[in-house]
Structures are given as structure tokens and as C-alpha cells.
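Report on the following structure.
The values are calculated or read from the model by the stated rules, or taken from the named source; none is laboratory data. Remember, predicted model here, so these are calculated numbers, not experimental data. Reconstructed Cβ throughout: ideal geometry from the backbone, glycine too, with neighbour counts over all protein chains shown.
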Amino acid sequence: MKKITVFLSDDHTVFREALRFLLESFDDIEVIGEADNGQTAVDETRRLRPDVVVMDIAMPVLNGLEAARCIAREVAATRVLILSTYSDNQHVQQAVEAGVSGYLAKETASGELLQAIRDVCKGNTFFSPPITKRLLEQSQNRDLQSKSPAAPTLTRRQTEVLQLVAEGYSNRRMASLLSLSVKTVEKHRQAVMDRLDIHQTANLTRYAVSSGLVESNCAPDGSRRARA
């Protein structure tokens, strides 16, 4: 019997280890790798080509939504299943737009996770029932939502830079993480400010938190020194 290969991406080590232990108790599941941030998850997914990536949203360097978007675009055969403490409409809608195949809330996932992995591996979708209900309601109200002003759109690289700014990284450290020159990072940072019409780091951080790029307790406050 061919096993379903699964990759786990969550920045909480204890949770990740518990998840691995749970999944490996099933004969048809093989956990082939782990990551504690979104960028590593993308890189390892390119390398390992798992059937399913179980992905948290709130992670450092690259959040789960952007990581899912990269995987959907670059490793189309791999299905992404979001497993998150966030289950609000904004995060769910962003995940759907990113191309995920399923979405589970951590607090209710214990009885659904195995079935979700099996279903998305077959090419189906799997959303927990409360989330499915809300998605249907959103679809029915789409005409009303379309009248709301659209948020400014950022490129993938601009989104990565915005997240790292909000997490307190210096331009030099961002350049190292993204394999770019400092000058290129500065250009992306300025482009983000121009696109959002936000020109102070503290306000960029607040925007990143409000849009779900980072958790509020992970973002530095205005007095915190940027990481070297």
C-alpha cells in the first residue's frame, strides 16, 4: 500500500511532535519532513514533493498563507491543508484565495484531521463544517462584499518584506534571509510604503497585524530594536 506522504509546518515544536506521533500511528501516513517557518516549508516542499502539507498560518519569516500560495503555484501536485488557531472569515477567505485544499481549526481538528488528509490527497477539498457554512454564506453575500473598496495588492516579494519588517528584521538581515542585496530590499520596502501609503515602520507593523500577516504578540512594538 502506497502511503500518503505528509509534511508538517508549525512553529510550535511540541505541537509538531505531537502531530507527527499522531499521524505516524496510521498505516497509510508517512511524515517525511517538518519546518518551523513558512520559507523552510516552501523550500522543503520543492525538494521532497509531499502529497500533503499540513500548514499553520502564524509562522515567522514567511506566514502560512504566503507559503501556501507559493506551494500552490510552484508544486501543484502537493495539496496544502491549513491547521490553525485562526478560523475567522478573513483568514479562511485568504487561504482559499491562496489555493489551499482544506482548512481546519486546531481546537476541533482531532476528529477530522486524518479524513481531511486522505480527502485532499485524492484531489478533493475538506473544510470543517462551521467553516464550510461560513464560506457558503460569504458566497451568497458576494455582491455586497464586492462593493467594498479593495485593499491594495502587494507582490509576493513585497508581502515577504512587509512581514519581516513587522517582525523587526533589519534591512541587512532581510537581505540575508531572502538572498537579496540590501539595496534591493530597500527598494521593495519603499515600494510597500508607496503602495500602502504608509511611511512609518510602526504603522506598517500595525497594518501587517491587522491584515493577518503576523500575530500581534509576535510583532515588535515601536521601541523594540530591529534584529541584526
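One line per residue, one yes/no per condition, for (1) charged (D, E, K, R); (2) more than 19 Å from Val209 (Cα to Cα):
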site	(1), (2)
Val31	no, yes
Ala35	no, yes
Glu44	yes, yes
Ile57	no, no
Cys70	no, yes
Asp88	yes, no
Glu107	yes, yes
Ser110	no, yes
Q) Does the stretch 44-64 include one or more residues that are surrounded by fewer than 20 Cβ atoms within 10 Å (Cβ to Cβ), acidic (Asp, Glu), touching an Asp or Glu at 6+ places or on another chain (Cβ under 8 Å) and not in a helix (DSSP H, G or I)? A) no
Q) Within the stretch 153-167, is even one residue part of a loop (DSSP other than H, G, I, E, B), farther than 30 Å from Leu104 by Cβ, at pLDDT below 80 and not assigned by TED's automatic domain parsing to the domain that holds Val42? A) no
Q | Residue match in the stretch 7-22 (condition: touching a Pro at 6+ places or on another chain (Cβ under 6 Å), hydrophobic (A, V, I, L, M, F, W, C) and in contact (Cβ under 8 Å) with a residue 40 or more places away in the chain) | A | yes
Q) Would a scan of the stretch 110-120 turn up a residue that is charged (D, E, K, R) and either part of a strand (DSSP E or B) or surrounded by fewer than 16 Cβ atoms within 10 Å (Cβ to Cβ) (or both)? A) no
Q: From Asn203, Asn171, grab the single residue that is polar (S, T, N, Q), surrounded by fewer than 17 Cβ atoms within 10 Å (Cβ to Cβ) and not assigned by TED's automatic domain parsing to the domain that holds Pro60.
A: Asn203
Q | Glu74 being of a type in the set (D, E, K, R) and either crowded, with 21+ Cβ neighbours inside 10 Å or within 19 Å of Glu34 (Cα to Cα) (or both) | A | yes
